[in-house]
1. Per residue, how many Å² of accessible area does chain B show with a 1.4 Å probe?
2. Calculated FRET efficiency, residue A:107 and residue B:93, Cβ-Cβ r, R0 30 Å, to nearest 0.05?
3. Within the range A:111-150, which residues have the backbone N less than 17 Å from the label spot 7 Å out from residue A:167 along Cα→beta-carbon, could you tell me?
4. Can you tell me what percent of all Cα-Cα pairs in the range B:217-267 are more than 18 Å apart?
5. Just to be sure I understand the model, the point goes 7 Å from the Cα along the line to the Cβ. What's the resulting residue B:154 to residue A:13 distance in nm?
6. Would you check the accessible area of residue B:230, probe 1.4 Å, heavy atoms only, in square angstrom rounded to 10?
7. Pick from B:269, B:61, B:11 the residue whose mean-square fluctuation is largest in a GNM of chain B, springs joining Cα atoms under 10 Å.
8. I'd like to know which of B:149, B:102, B:224 lies farthest towards the positive end of the charge dipole of the range B:2-290, counting +1 on Cβ of Lys and Arg and -1 on Cβ of Asp and Glu.
Amino acid sequence: MLRLENVHSFYGRIQALRGINLHVDSGEIVAMIGANGAGKSTTLMTICGQPRARSGRVLFDGDDITHVPTFQIIRSGLSHSPEGRRIFPRMTVLENLQMGAVASDPAHFNDDLGLVFDLFPILGERQQQRGGTLSGGEQQMLAIARALMSHPRLLLLDEPSLGLGPMLVKQIFDVIGQINQDRGVTILLVEQNAHQSLLLAHRAYVLANGEIILHGTGDELLADPEVRNAYLGGGN
Amino acid sequence: MAYFIQQLVNGLTLGSIYGLIAIGYTMVYGIIGMINFAHGEIYMIGAFLSILAFTMLGVTGVTWMPLALIMVLLVAIVFTSAYGWAVERIAYRPLRGSQRLAALISAIGMSLALQNYVLLTQGAGVKTLQPIIRGGVILYATGNFTVILSYIQIFIILLTILLMAIFATLIARTALGRAQRACEQDRGMATLLGINVDRTISLTFIMGAMLAAVAGMLVTMYYGVIDFFMGFIAGLKAFTAAVLGGIGSLPGAMLGGMLLGLVEAFWAGYFSVEYKDVASFGILVLVLIFLPSGLLGRPDVEKV
Ligand SMILES: Nc1ncnc2c1ncn2[C@@H]1O[C@H](COP(=O)(O)OP(=O)(O)OP(=O)(O)O)[C@@H](O)[C@H]1O
Ligand SMILES: [Mg+2]
């Protein structure tokens, strides 16, 4: 469904990605883990064309989208909940969700709204509250819900559990599993929470310094001594 | 008292025109964070287009006034919007992402180019229009003074209120308005949701130009005299109105326009006509010093 071939990305003169090769198949949850600054967020943003890959190719459903305008990539069925939530602060919860539905058929709007309110009932109760006044956890739910409103086939999630308490982290991971299983959404997940994301994911990639240094199934990586030392805090 | 009411009416009329132009400044500022320095020229072009349209209608013999007004309004709006769109394509879009100073200079260049274009094609002299809407209602008459609310003033104020209500609804309730507000708050995120940001910015320039065109038409009908340089001062005044109301805020632009119109009318009525521009720009300076975010603007600290 998604394939990156030898992708290099830069911010000005700073090179952030050094030849990324990865693929995500339909129906999978694929995790990407790595230290701070490894290039995880850049990988997701490069898929959306911000920044553009300076060399290499990004393929979505077999089509080369390396040079397609970002808004058109999104309209072709890919959705990205980027780092830092990026809720529109002076728009209501409902308006934020309406913005999420820009790329999808208006006829689906009410059904999709019902589905995200089922996943996150609190959002249903807070429809008229301004995004900027939601708590961090509520904002995170809104960010995921907004990304779902476009009816994506492929969902990119950048650190959905960042800054949340253990209860909410568990809830978010449950929801990610649910979206994948019940709605058939393919997911590429970037997480600091390596242990839980490896448990959830079918496959995973480990990034360091803009390169993929390891990949395998979630279980393989969980058992890998190198991964255990570097990303899972040694023991457990 | 009678004199006071007369100045009030005059001020609201003038304020309507400033408010209509100010909305263009405030909307464009909201979405790209820059002042459209060519906006005064867009208003001036709207005025010229309406005089041309009135003249053409006179030639073709359309005499039923409501039809004539609607046709002139349409012609002015359509062609002025095209100019507003072109300003964005030529002066702003190629420089998107480069330094603000570069876009500012190119917009000033655009403003001079438009002024000279009209100067060359229409001449340096004034153009005049016979009053289209005559007469008025006498509100009251005391001794040697009568307060007149002319029909053209009623027309200007009502049309302005109607347009402002339409625009406020558009921004608050429609998909386009939401897209504009989203681009204002986080342009990158709007793109990531599938918004065509370039198109949204183009439409914002077009909407601002539409209202400037209406203002141009109304001022032509009100004063009956226009020239190629009229956009400069009016642009500065409307910019002052936008800053006074809080740049980026739509209700602010309306309020700022009205207040500025009233200040000018009362200043001219009670102090001196010569110094009314000084009063306006004095306000601009005071607001910039003491209330930089304007009456209804939000302080920048809230910016996320
Ligand atoms: N806008 C930017 N301009 C310049 N450099 C950037 C920019 N964004 C990221 N970088 C650099 O690119 C590299 C990769 O950053 P990226 O955000 O992709 O890392 P990450 O793996 O997501 O890290 P984290 O876990 O901290 O979110 C870092 O060295 C970072 O400093
Ligand atoms: Mg990151």
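1. Result: 45 Å² per residue.
2. Calculated value: 0.35.
3. A:120-123, A:135-141
4. 39
5. That separation, rounded to one decimal, is 7.0 nm.
6. Estimated to the nearest 10 Å², residue B:230 gives 40 Å².
7. B:61
8. B:102
The values are calculated or read from the model by the stated rules, or taken from the named source; none is laboratory data. From a predicted model like this one, the values you see are computed outputs, not experimental measurements. Because the Cβ atoms are built from the backbone with ideal geometry, glycine has one as well, and the counts that use them run over all protein chains shown. Just so you know, the surface numbers come from the protein's heavy atoms only, side chains and all, with ligands and any DNA or RNA stripped out. Shrake-Rupley method; radii C 1.70, N 1.55, O 1.52, S 1.80 Å.
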